[in-house]
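Beneath this line is the structure, given in structure tokens, with notes to follow.
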Amino acid sequence: MSALKIEKGSPSHSAYNLRPTFSDVQERHTLAVIVENEPGVLARVVGLFSGRGYNIESLTVAEVDHTGHLSRITIVTTGTPQVIAQIHSQLGRIVSVRKVHDLTVEGKAVERELALFKVTGKDDDRVEALRLADVFRANVVDSTLESFVFEITGTPEKIDAFADLMRPIGLVEMARTGVAALSRGSK
């Protein structure tokens, strides 16, 4: 009988688990959840996330079928593939949930967000803010002698880039709607 010698500092992997593990890989997923429009449904959905320590990066809710009393909850979250699968499964078990779509898995999706930015500044800063707004196709929805309020729509990355450029000019306040998303194509 021979003994297996493990040197100090060498990894101790089982011979039965030779595949590398990817459980630490964090993925961003956009989930579209169709629910019955009734009191407490949003609280149950959000409670599922908070009760298990899952993070919600973005959350939007709106009624999408007035006669059928259905709402759509769009949730952007991150987690390992196992966590995302668990979230999907647990959402499907909530009584008021009709359908759960993982738009990230189902194919390409169109994601858009609306944001409002209040930017203060004078002279050259005002000119620079207007120039950048033009580049990003942001609209001026309010203007005073000391400030602008810009409205911009686009991907979350575009919104983040606009915010990064406006901070040194004089960004004082920002409001974002969260992601609205639809899968591409005819389905």
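Values as computed for the structure displayed
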quantity: Members of the range 71-93 that are buried (at least 17 other Cβ atoms within 10 Å of the Cβ), closer than 21 Å to V41 by Cα and not polar (S, T, N, Q); calculated: R72, I73, I75, V76, I84, I87, L91
quantity: Subset of the range 153-162 that is touching a Lys or Arg at 6+ places or on another chain (Cβ under 7 Å) and surrounded by 18 or more Cβ atoms within 10 Å (Cβ to Cβ) - its residue that is farthest from L130 (Cα to Cα); calculated: G154
quantity: Residue satisfying all of: in the range 163-177; touching a residue at least 12 places away in the same chain (Cβ under 8 Å) and closer than 16 Å to E113 by Cβ; surrounded by the fewest Cβ atoms within 10 Å (Cβ to Cβ) among these; calculated: A175
quantity: Single unsatisfied condition, V141 versus (1) surrounded by fewer than 15 Cβ atoms within 10 Å (Cβ to Cβ); (2) under 30 Å from V35 (Cβ atoms); (3) not assigned by TED's automatic domain parsing to the domain that holds L31; calculated: (2)
quantity: Single residue of the range 104-126 satisfying the filter (farther than 28 Å from D142 by Cβ and either touching an Asp or Glu at 6+ places or on another chain (Cβ under 8 Å) or of a type in the set (G, A, S) (or both)) that is modelled with the lowest pLDDT; calculated: G107
quantity: All positions within the range 67-111 that are closer than 22 Å to T155 by Cα and basic (K, R); calculated: R72, K108
quantity: Pairs, first at positive phi in the range 105-116, second part of a strand (DSSP E or B) and not aliphatic (A, V, I, L, M), C-beta under 7 Å, six or more apart; calculated: G107/S183
quantity: Qualifying positions in the range 167-187 - part of a loop (DSSP other than H, G, I, E, B) and within 26 Å of L31 (Cα to Cα); calculated: T177, G178, V179, R184, G185, S186, K187
quantity: Restricting the range 106-121 to residues that are surrounded by 11 or more Cβ atoms within 10 Å (Cβ to Cβ) and of a type in the set (D, E, K, R), the residue that is farthest from the chain's Cα centre (by Cα); calculated: K118
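Every residue, every condition in (1) in a strand (DSSP E or B); (2) hydrophobic (A, V, I, L, M, F, W, C); (3) modelled with pLDDT of 95 or more, yes or no:
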site: L132; (1), (2), (3): no, yes, yes
site: D142; (1), (2), (3): yes, no, yes
site: V149; (1), (2), (3): yes, yes, yes
site: T153; (1), (2), (3): yes, no, yes
site: K158; (1), (2), (3): no, no, yes
site: F162; (1), (2), (3): no, yes, yes
site: L165; (1), (2), (3): no, yes, yes
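The values are calculated or read from the model by the stated rules, or taken from the named source; none is laboratory data. Everything quoted here is computed from the prediction, not taken from an experiment. All Cβ positions, glycine included, derive from the backbone under ideal geometry; neighbour counts span all protein chains shown.
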